[in-house]
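See structure below.
The values are calculated or read from the model by the stated rules, or taken from the named source; none is laboratory data. Fair warning: this is a prediction, and the values are worked out from it, not measured in the lab. Methodologically, a virtual Cβ is constructed for each residue, glycine included, from the backbone with ideal geometry; neighbour enumeration extends over all protein chains shown.
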Amino acid sequence: MLSHQAVDEFRHRWLPNMSSGGIDQLTRMLKSASPQLLRGTFSPEVETTASDDYFELASSGCISTQAGWLHPATEQLHWDAGIAWLEDVVGVRISQSAVIDAWDSGQAIEAELSFLLEEERARRIADARGAEKPAAASPDRYRRNSVST
């Protein structure tokens, strides 16, 4: 389960800086439990014995890397796209990110991240249409303007 700090960071720092393509791609990858979403420390060492394996490894990265590859400011970068996106675009040091800590610790947070991504996607669609965003059926802690009692 994501901490309140991680939810706040993801909602207010990550999501406003993600491209629509990044939101869609990360949602798909989380929902399908894609092996291309890496956790923990990884290196760009690649064995090129088969082209399909190379493509899969070459398109593998953590959640910030996936977002970075689909953002105009960092899409030209490769293995460092996630760090550059998170630190330079989002303004969160990777070593201080509650989201990265939760992701790299192996917590089962895919469903929570998917929900927050879909919520942001729906908000953007509603904003583009000039309509109000319908209230999502979700736990109070995920609602943008929830009131604690």
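Identify, please: which residue in the range 29-57 is in a helix (DSSP H, G or I), out of contact with any strand residue (DSSP E or B) (no Cβ under 8 Å at 6 or more places or on another chain) and surrounded by 13 or more Cβ atoms within 10 Å (Cβ to Cβ) and is, among those, modelled with the highest pLDDT?
Going through the qualifying residues, I end up with K31.
Select from the range 1-28 the residues that are closer than 15 Å to W85 by Cα and in a loop (DSSP other than H, G, I, E, B) and list them in ascending order.
M18, S19
Quick grid of which residues meet (1) over 13 Å from S64 (Cα atoms); (2) at pLDDT 95 or above:
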| position | (1), (2) |
| --- | --- |
| G91 | no, yes |
| I94 | no, no |
| A102 | no, no |
| Q107 | yes, no |
| L113 | no, no |
| E120 | yes, yes |
| I125 | yes, no |
| A128 | yes, no |
